[in-house]
Amino acid sequence: MSFVLNELSEQVVAAAASHKRVLVKGGGSKGFYGNPETTTTENVISLDVTAYKGVIEYEPSELVMTAACGTPLHEIEKLLEEQSQMLPWEPPHFGPQATIGGAIATGLAGPRRMAAGATSDFVLGVRMLNAEGRLLRFGGQVMKNVAGYDMSRLLVGSLGIFGPLMEISFKVLPKPLHEKTLRHACTINQAMDLFRHVHARSLCISASSWVPENGKNGHMYLRLSGSGVAVAQAKTQLPGDELADEDARAFWLSLREQSHPFFNNTTIWRVCVPPLAGKMNESIPLVEWGGGQRWLRQVQDIRHIRHNAQQLGGHATLFRYPGPDAIPADGVFHPFRTHIEGITRRLKTALDPRGIFNPDRLIKNL
């Protein structure tokens, strides 16, 4: 593996010396996500990191794993399954070639995020290749308090603009002993009211969703995870009929991988707001995370949806789009707040002063 690292380092050094940009390439399953590259082909090299793969260290009793960036997600999940453990944030794959590096670089999380936490909550440390071809280490393999920026977590969701993440140490969790899913026919307003009701209660809900089927009518889904006693008690306090285990797994997988028919559209917007935030006067969404994540297929007024999301304390992202012409002038991501963009630009200057890694991918003109 050290040979692969040396080779990748040499490619970065050569690119910097010849004043070329570097596009970090993994499995490519999430290549659609983010702003497209605008630099001409002659000024760009592709840095394929998929050859750097393998689990470097895994201690099931400590619930910690370290893996190389090119390690396929399905291999990691298979290894964890053998120990009755899992990736807590339930990362989407969007293809069999998905890697752990891509999962961390995008920071995307699946249905369990509402209960378990975000991707960054489980990253303990990273090793990153900088523009000089050197490996930088941030964090380690234990949770600890830090002074200043926790760089390993700041790199989650950065889409490789500071440099490729070569190794990632992250926390894993035991799989729940029992899981059951309830389905209940209701309107979106009824579902949002129930989400608010259960938000303040100690019920073992690990995922929630409302899926539209006929205008404002649809079905609410609640996944219960925990001990047999906890799941049984929660079922008595919640509406809905229990789904067969196989049907339940297929449903949550269809949300995680966006294979559900709702996502059969060339344009998909993702709106993230506080779970108890009010409605957004747009087309009927598919709702996840107890109201915290809302997917839209049609947005007539981009400025309005972004303003509305910001007023509610959130943001709106053009998640999938048919082509460059569909991208807003300020990019697919909600414009960063001034102080956050300032921090991002200063980090970019410090870690990648020549600006060679994944230009424009996260913020246009960066």
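The values are calculated or read from the model by the stated rules, or taken from the named source; none is laboratory data. Note that the structure is a prediction, hence the values are computed from the model and not measured. With ideal geometry, Cβ positions are generated from the backbone for all residues, glycine too; neighbour counts draw on all protein chains shown. Accessible surface areas use protein heavy atoms only, side chains included; no ligands, DNA or RNA. Shrake-Rupley method; radii C 1.70, N 1.55, O 1.52, S 1.80 Å.
All conditions in (1) assigned to a helix (DSSP H, G or I); (2) in contact with a Gly (Cβ under 6 Å, 6 or more places away or on another chain) hold for residue 303, with the sole exception of (2). Taken as a whole, the structure places residue 192 among residues that are over 19 Å from residue 110 (Cβ atoms), surrounded by 18 or more Cβ atoms within 10 Å (Cβ to Cβ) and touching a residue at least 12 places away in the same chain (Cβ under 8 Å).
From the list 75, 81, 59, pick out the single residue that is modelled with pLDDT of 95 or more, within 27 Å of residue 3 (Cα to Cα), out of contact with any Gly (no Cβ under 8 Å at 6 or more places or on another chain) and open to solvent by 40 Å² or more (accessible area, probe 1.4 Å).
Details: 81 fails: within 27 Å of residue 3 (Cα to Cα); 59 fails: modelled with pLDDT of 95 or more.
Going through 75, 81, 59 in turn, just one is modelled with pLDDT of 95 or more, within 27 Å of residue 3 (Cα to Cα), out of contact with any Gly (no Cβ under 8 Å at 6 or more places or on another chain) and open to solvent by 40 Å² or more (accessible area, probe 1.4 Å): 75.
Checked against the criterion of being open to solvent by 50 Å² or more (accessible area, probe 1.4 Å) and in contact with a Leu (Cβ under 8 Å, 6 or more places away or on another chain), the candidates 10, 42, 37 yield just one match: 37.
Within segment 212-241, which residues are among the charged types (D, E, K, R) and open to solvent by less than 80 Å² (accessible area, probe 1.4 Å)? Of everything in segment 212-241, those that are among the charged types (D, E, K, R) and open to solvent by less than 80 Å² (accessible area, probe 1.4 Å) turn out to be 223, 235.
So if I check each of 328, 322, 353, which one is farther than 27 Å from residue 263 by Cα and more than 20 Å from the chain's Cα centre (by Cα)?
Values: 328 fails: farther than 27 Å from residue 263 by Cα; 322 fails: farther than 27 Å from residue 263 by Cα.
It is 353.
For beta carbons closer than 9 Å, sequence separation of 6+ or different chains, a first residue in segment 297-311 that is of a type in the set (A, V, I, L, M) and a second that is open to solvent by less than 100 Å² (accessible area, probe 1.4 Å) and assigned to a helix (DSSP H, G or I), the qualifying pairs are 299/305.
Scan segment 306-335 residue by residue and report those that are in a loop (DSSP other than H, G, I, E, B) and either touching a His at 6+ places or on another chain (Cβ under 9 Å) or closer than 27 Å to residue 133 by Cα (or both). Give the derivation first.
Applying the first criterion (in a loop (DSSP other than H, G, I, E, B)) to segment 306-335 yields 312-314, 321-323, 327-335.
Result: 314, 333, 334, 335.
Selection over segment 153-173 of residues that are open to solvent by 30 Å² or more (accessible area, probe 1.4 Å) and either within 30 Å of residue 21 (Cβ to Cβ) or part of a loop (DSSP other than H, G, I, E, B) (or both) gives a count of 2. Scanning segment 290-316 for residues that are surrounded by 21 or more Cβ atoms within 10 Å (Cβ to Cβ) and farther than 23 Å from residue 329 by Cα turns up 290, 291, 293. If only residues of segment 96-108 that are open to solvent by 20 Å² or more (accessible area, probe 1.4 Å) and part of a loop (DSSP other than H, G, I, E, B) are counted, the one that is nearest to residue 55 (Cα to Cα) is 97. Apart from one condition, residue 90 fits all of (1) surrounded by 15 or more Cβ atoms within 10 Å (Cβ to Cβ); (2) touching a Gly at 6+ places or on another chain (Cβ under 8 Å); (3) charged (D, E, K, R); (4) closer than 26 Å to residue 359 by Cβ; the exception is (4).
Within segment 277-284, not a single residue is touching a residue at least 24 places away in the same chain (Cβ under 8 Å), open to solvent by 50 Å² or more (accessible area, probe 1.4 Å) and touching a Cys at 6+ places or on another chain (Cβ under 9 Å). When restricted to residues that are open to solvent by 10 Å² or more (accessible area, probe 1.4 Å), in contact with a helix residue (DSSP H, G or I) (Cβ under 7 Å, 6 or more places away or on another chain) and either in a strand (DSSP E or B) or closer than 22 Å to residue 119 by Cα (or both), segment 174-184 contains 2.
Residues that are in a loop (DSSP other than H, G, I, E, B) and either at pLDDT 95 or above or surrounded by 14 or more Cβ atoms within 10 Å (Cβ to Cβ) (or both) within segment 13-31 comprise 20, 26, 27, 28, 29, 30, 31, listed in sequence order. Within segment 195-211, if we keep just the residues that are touching a residue at least 12 places away in the same chain (Cβ under 8 Å) and among the aliphatic types (A, V, I, L, M), the residue that is surrounded by the fewest Cβ atoms within 10 Å (Cβ to Cβ) turns out to be 198.
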